[in-house]
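Written below as structure tokens is the structure these notes are about.
We did not get these values from a lab; they are worked out from the coordinates using the rules stated. From a predicted model like this one, the values you see are computed outputs, not experimental measurements. We place every Cβ from the backbone using ideal geometry, glycine too, and count neighbours over all the protein chains shown.
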Amino acid sequence: MKPAFRIHQPGLHTTVQDRGRFGFQRFGVPPSGALDIESLFIANALVGNAPYSPALEIRHLGPELSVQADALRIALAGTTTKLEVTRDDQT
């Protein structure tokens, strides 16, 4: 089984972001993508992903997630916010 999250609360302004889409500006489509591309690169490097792999971009109130796998690597980059990890032995 691949590592996965179960979403209990999505968080305020939590989105999935990657590098964005380039080459479509002439059609009125902005490239979009992560707000802090360097932090996306760093977080992906810390967990062993390709540089521009999708990641959760969390603003304001973070999500409440549970891990649906035996193990998972998590990186927090581009912030001084604390990450709270709790263990639920009831599952």
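Here is how the numbers come out for the structure above:
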read-out: Qualifying residue in region 45-56 (condition: farther than 12 Å from residue 75 by Cα and of a type in the set (Ser, Thr, Tyr)); value: yes
read-out: Cross-chain or 6+ apart pairs with Cβ under 7 Å, region 20-43 first and within 12 Å of residue 55 (Cα to Cα), then hydrophobic (A, V, I, L, M, F, W, C) and part of a helix (DSSP H, G or I); value: 34/40
read-out: Tally, over region 48-76, of residues that are surrounded by 15 or more Cβ atoms within 10 Å (Cβ to Cβ) and either assigned to a helix (DSSP H, G or I) or among the β-branched types (Val, Ile, Thr) (or both); value: 2
read-out: Contacts under 8 angstrom Cβ, first residue in region 52-63 being at negative phi, partner of a type outside the set (Val, Ile, Thr) and part of a strand (DSSP E or B), 6 or more apart; value: 54/17; 55/17; 56/17; 57/17; 63/8; 63/9; 63/56
read-out: Subset of region 36-71 [within 14 Å of residue 15 (Cβ to Cβ) and over 13 Å from the mean Cα position of the chain (by Cα)]; value: 60, 61
